[in-house]
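Participant: One structure, pasted below without further comment.
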Amino acid sequence: MNYKNRSDSKVRAKKHLGQHFLKDMNIAQQIVDGLTGHTGYSKVLEIGPGMGVLTQYLLKKTTFSTYVIEIDTESVTYLKKHFEELTPRIIEGDFLKYNTGEIFSEPFAIIGNFPYNISSQIFFRALQIRDEIPEIVCMLQKEVAQRIASPPGNKDYGILSVLLQAFYDIDYLVSVPPGAFDPPPKVQSGVIRLRRNATANLDCNEKLFFRVVKTAFNQRRKTLRNALKPIGDFTDHPLLTKRAEQLSVSDFVILTQLAEKLINPAEINIIDGLELADDETSIS
Ligand code: SAH
């Protein structure tokens, strides 16, 4: 490894790829140390390594082997040059389109300073394969990080909070100011850790659960009776007088069980629940 030489020809930051390179090495070390080894995985996949700021610390760990997936050819060339030993474990491609089963036959952790413009999509992808992903440590836009980690009863609590908290225990680790990056992003950043909980399956139709949560938060200031009208007219239940942000994961399971009586589960399209644009899940 020859990290010091990164100054000879740095990767040119490309905005459309969400490239903001971390330059604070203490934060980089902290993010990598955020991995706890939860459930004992032996492989870690870093999404978007860029010039390898996190990767250099990952490669020092002996309890797992490090793989990286990077969409940017220029970054891949840089990594191959500066981290030669990593070369066989560099995947050049788009994480959102990549079938991780090709390389990982056992559970693996995810880490990364995520491209902020696609962080919600990364989580939806991770949720689809949640039993393969015991742990995630990542940096993202601070508001989104706070949202994901927020408990019910809080204005930050939203769609991603419910969907991720259904299957993961979440810790907010640290906030990071724009000056820690080159070029600095316009927003503050935050690091969170997600560890897979013991919930194998929800006690309701899962696709419908996603749809109920999404519909409920689409009009978060309305009572649920009104917010959930697009799904149907629910039979009376005390939860319907509340608003989405007041409900726990298990409350949403109860609402979904009610919704099952209104809709034929065969008609529920998974796309409805999973395909959310990032601007729908960020602060608004
Ligand atoms: N980890 C580095 C770079 C973070 S910037 C650091 O902390 O300095 C985000 C990185 O994600 C960029 O390198 C970008 O090229 C990469 N990226 C963006 N979209 C991606 C995608 N769909 N799949 C994989 N990598 C992606």
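The values are calculated or read from the model by the stated rules, or taken from the named source; none is laboratory data. Quick caveat, the model's predicted, so the values are computed rather than measured. Note that each Cβ is placed from the backbone with ideal geometry, even for glycine, and that neighbours are counted across all protein chains shown. Side chains included, ligands, DNA and RNA excluded: accessible areas come from the protein's heavy atoms. Shrake-Rupley method; radii C 1.70, N 1.55, O 1.52, S 1.80 Å.
Participant: Mind listing whichever residues of segment 92-120 are closer than 23 Å to residue 34 by Cα and among the aliphatic types (A, V, I, L, M)? Spell out how you get there, then give the answer.
Facilitator: First pass over segment 92-120, keeping only residues closer than 23 Å to residue 34 by Cα: 95, 100, 104, 106-120.
Listed by number, the residues that qualify are 109, 110, 111, 118.
Participant: From the residues in segment 108-131 that are more than 12 Å from the ligand (Cβ to nearest atom) and either surrounded by fewer than 19 Cβ atoms within 10 Å (Cβ to Cβ) or farther than 20 Å from residue 66 by Cβ (or both), which one is farthest from the chain's Cα centre (by Cα)?
Facilitator: Pass one, segment 108-131, residues more than 12 Å from the ligand (Cβ to nearest atom): 108-109, 120, 123-124, 126-131.
Then keep just the ones that are either surrounded by fewer than 19 Cβ atoms within 10 Å (Cβ to Cβ) or farther than 20 Å from residue 66 by Cβ (or both); that gives 120, 123-124, 127-131.
Details: 120: 6, 123: 3, 124: 7, 127: 8, 128: 11, 129: 12, 130: 11, 131: 14 Å.
Taking the candidates together, the pick is 131.
Participant: A further question on this structure: From the list 66, 36, 55, which one is closer than 18 Å to residue 112 by Cβ, open to solvent by less than 30 Å² (accessible area, probe 1.4 Å), more than 9 Å from the ligand (Cβ to nearest atom) and in the same structural domain as residue 111 (by TED's automatic domain parsing)? Steps first, please.
Facilitator: Working: 36 fails: open to solvent by less than 30 Å² (accessible area, probe 1.4 Å); 55 fails: more than 9 Å from the ligand (Cβ to nearest atom).
Testing whether each residue is closer than 18 Å to residue 112 by Cβ, open to solvent by less than 30 Å² (accessible area, probe 1.4 Å), more than 9 Å from the ligand (Cβ to nearest atom) and in the same structural domain as residue 111 (by TED's automatic domain parsing) leaves just 66.
Participant: Could you check, for segment 1-8, whether at least one of its residues is modelled with pLDDT of 95 or more and within 13 Å of the ligand (Cβ to nearest atom)?
Facilitator: Within segment 1-8, the first condition is being modelled with pLDDT of 95 or more, and the residues that meet it are none.
Looking for residues that are modelled with pLDDT of 95 or more and within 13 Å of the ligand (Cβ to nearest atom), one finds none in segment 1-8, hence no.
Participant: Taking segment 69-107 only, how many residues are in contact with an Asp or Glu (Cβ under 9 Å, 6 or more places away or on another chain), in a loop (DSSP other than H, G, I, E, B) and near the ligand (Cβ under 10 Å from one of its atoms)?
Facilitator: 3
Participant: If you go through segment 188-196 one residue at a time, do you hit one that is within 13 Å of the ligand (Cβ to nearest atom), open to solvent by less than 20 Å² (accessible area, probe 1.4 Å) and either in contact (Cβ under 8 Å) with a residue 60 or more places away in the chain or not assigned by TED's automatic domain parsing to the domain that holds residue 218 (or both)?
Facilitator: Residues of segment 188-196 within 13 Å of the ligand (Cβ to nearest atom): 189, 191.
Add one more test, that the residue is open to solvent by less than 20 Å² (accessible area, probe 1.4 Å), and what stays is 189, 191.
Still in the running and either in contact (Cβ under 8 Å) with a residue 60 or more places away in the chain or not assigned by TED's automatic domain parsing to the domain that holds residue 218 (or both): 189, 191.
Among the residues of segment 188-196, at least one is within 13 Å of the ligand (Cβ to nearest atom), open to solvent by less than 20 Å² (accessible area, probe 1.4 Å) and either in contact (Cβ under 8 Å) with a residue 60 or more places away in the chain or not assigned by TED's automatic domain parsing to the domain that holds residue 218 (or both), which makes the answer yes.
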